[in-house]
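The values are calculated or read from the model by the stated rules, or taken from the named source; none is laboratory data. As the structure is a prediction and not an experimental result, all values here were calculated from the model. Counting neighbours? That spans all protein chains shown, and the Cβs are built from the backbone with ideal geometry, glycine included.
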Amino acid sequence: MPYWNGATYRNILYALASGGVVDGPDLGRLKSLLIDKLDLAEAVLCGSGSLAVEIALRSCGVREGDEVVIPTFCCTAVVAPILAAGAIPVLADAGEELNITAEAVDAVLTEKTRAIVVPHLFGNPANIDPVIEIARARNIRVIDDAAQAVGATIGGRPAGSFGDAGVLSFGSEKVCFGLGGGVVVSRQKEVLNGGSQTKLAPPRLSPAVRSFFSTTIWRRWRRWTLPVKAALSHVKGTGPDSPPVPYRQESMANLNATVALSLLETLDENIAARRARVGAYQDLLGTEEGLELIPHRGGSACLTQVVRVFPKTRVADPAARLIQVLGSAGYEVQGSYVPIHLLSRYRQWVREPLPYAERLWGDLIELPCEPEVSFDHMERIALIVKQVLNS
């Protein structure tokens, strides 16, 4: 488990032994650290990244009937908080780096647009400044969604600190893979005054403890738990078109803050290791015919390396074949997001053609960049990729 070091476990044991699972001093320490590290005016800790998006939207004045622009190519979890705020999601196309662009945003703006959510997908910073410029000209709020990009920077400034409010996450499959929890941040003190009015229930004890044990088991024995998780997903019928996982209106647990603090202490080493793996993939696969490695911008947190696999024929599906073969070899490789506008429950929010995301999503796979993936394993992954492409 990357950077869950001895100090992390000692702090966890202390929190458990001292009764500091739900409430405790690490909540205040985490808030103070983030305010200092991101040069913020305010930060609100909450139970999940999705709840953080909802609080950010409400803090920015989003109300019932307002429109909120989001990229069609992103996690569907961003839709639920928009609906919870009573707003209407409006889908915009992706750009060449897979993030939302100012041009795509401009194409779907209306007089009802109240906010734009800009996620930094795969740890790779979006070009957010032109989006902010468009928004400012029309009195539209911008939410800087750095849930996947904690530790990334844009021109030396931390992702999450741009726009009117930002969102951070310490949930599963993130750069800081903790026990869960989200944070709403802003450099404008007055913005989060509205968010502070959101009534958050205290975190519950049993889910906090359960999160610790399930996360530890999942990460430490991942090789054996992956088939179990896949089987459970199949039995439950979960998938891209499933209803979003509900979230509670609750505060972050102290135990979650304990782990988040530990992960932030080793964040620089974590990201350096991830960037080294992105560089290794470039060396191993960068010149391979039939592949395009989606580039990471400078300052990326390098959550994963997305690869576009070009089919040789219309009926060929090398991306699906690669996922199958690499999975059989024991490597956790997955396809990327299904564009939201292609999912039946979300089609009513399509306003303009979204050709780029629609054209390329099925050709994408995500290669792991976690620090625990050794360079020997990466060479093996690259060899399998080449064998499948040339077969």
(message) So for the range 308-315 (the condition being of a type in the set (A, V, I, L, M), modelled with pLDDT under 90 and not assigned by TED's automatic domain parsing to the domain that holds residue 80), does at least one residue qualify?
(response) yes
- Query: In this structure, is residue 236 of a type in the set (D, E, K, R), surrounded by fewer than 18 Cβ atoms within 10 Å (Cβ to Cβ), out of contact with any Phe, Trp or Tyr (no Cβ under 8 Å at 6 or more places or on another chain) and modelled with pLDDT of 60 or more?
  - Reply: no
Per the filter on the range 140-185, residues touching a residue at least 60 places away in the same chain (Cβ under 8 Å) and of a type in the set (Ser, Thr, Tyr) are 153, 161, 169
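Results for (1) touching a helix residue (DSSP H, G or I) at 6+ places or on another chain (Cβ under 8 Å); (2) acidic (Asp, Glu); (3) not in a loop (DSSP other than H, G, I, E, B), shown as yes or no for each residue.
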| position | (1), (2), (3) |
| --- | --- |
| 8 | yes, no, yes |
| 15 | yes, no, yes |
| 23 | yes, yes, no |
| 26 | yes, yes, yes |
| 73 | yes, no, no |
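Let's see how each residue does on (1) at pLDDT 95 or above; (2) surrounded by fewer than 24 Cβ atoms within 10 Å (Cβ to Cβ); (3) of a type in the set (A, V, I, L, M); (4) not in a strand (DSSP E or B):
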| position | (1), (2), (3), (4) |
| --- | --- |
| 96 | no, yes, no, yes |
| 105 | yes, no, yes, yes |
| 116 | yes, no, yes, no |
| 131 | yes, no, yes, yes |
| 136 | yes, yes, no, yes |
Log entry, pairs with first residue in the range 67-84 being free of Cβ contacts under 8 Å to residues at least 24 places away in the same chain, second being not aliphatic (A, V, I, L, M), beta carbons closer than 9 Å, six or more apart or on different chains, reads 83/89; 83/244
A careful count of residues in the range 332-391 that are within 28 Å of residue 301 (Cα to Cα), β-branched (Val, Ile, Thr) and part of a loop (DSSP other than H, G, I, E, B) gives 3
Restricted to the range 306-354 and to residues being among the aliphatic types (A, V, I, L, M), in contact (Cβ under 8 Å) with a residue 60 or more places away in the chain and farther than 25 Å from residue 105 by Cα, the residue surrounded by the fewest Cβ atoms within 10 Å (Cβ to Cβ) is 325
Among residues of the range 156-183 being of a type in the set (D, E, K, R) and closer than 25 Å to residue 59 by Cα, the residue surrounded by the fewest Cβ atoms within 10 Å (Cβ to Cβ) is 157
### Message
One residue is enough: does the range 368-381 have a residue meeting the conditions outside the structural domain of residue 66 (by TED's automatic domain parsing), surrounded by fewer than 18 Cβ atoms within 10 Å (Cβ to Cβ) and of a type in the set (Phe, Trp, Tyr)?
### Response
yes
If you go through 172, 161, the only one that is among the polar types (S, T, N, Q), under 18 Å from residue 257 (Cα atoms) and within 17 Å of the chain's Cα centre (by Cα) is 172
Residue pairs qualifying under the 7 Å Cβ cut-off, at least six apart or on distinct chains, with the first in the range 290-301 being β-branched (Val, Ile, Thr) and the second being surrounded by fewer than 17 Cβ atoms within 10 Å (Cβ to Cβ) and at pLDDT 95 or above, are none
query: Can you find even one residue in the range 310-332 that is among the hydroxyl-bearing types (Ser, Thr, Tyr) and touching a helix residue (DSSP H, G or I) at 6+ places or on another chain (Cβ under 7 Å)?
result: yes
Of (1) in contact with a strand residue (DSSP E or B) (Cβ under 7 Å, 6 or more places away or on another chain); (2) β-branched (Val, Ile, Thr); (3) crowded, with 17+ Cβ neighbours inside 10 Å; (4) within 23 Å of residue 264 (Cβ to Cβ), residue 69 fails just (4)
If you go through 26, 39, the only one that is closer than 30 Å to residue 85 by Cα, surrounded by fewer than 24 Cβ atoms within 10 Å (Cβ to Cβ) and either modelled with pLDDT of 90 or more or over 21 Å from the mean Cα position of the chain (by Cα) (or both) is 39
Residue 137 passes all but one of the listed conditions (1) free of Cβ contacts under 8 Å to residues at least 12 places away in the same chain; (2) within 15 Å of residue 264 (Cα to Cα); the exception is number (2)
With the first residue restricted to the range 5-30 and required to be under 17 Å from residue 47 (Cα atoms), and the second required to be among the charged types (D, E, K, R) and at pLDDT below 95, Cβ contacts under 9 Å at 6 or more apart or on different chains are 22/204
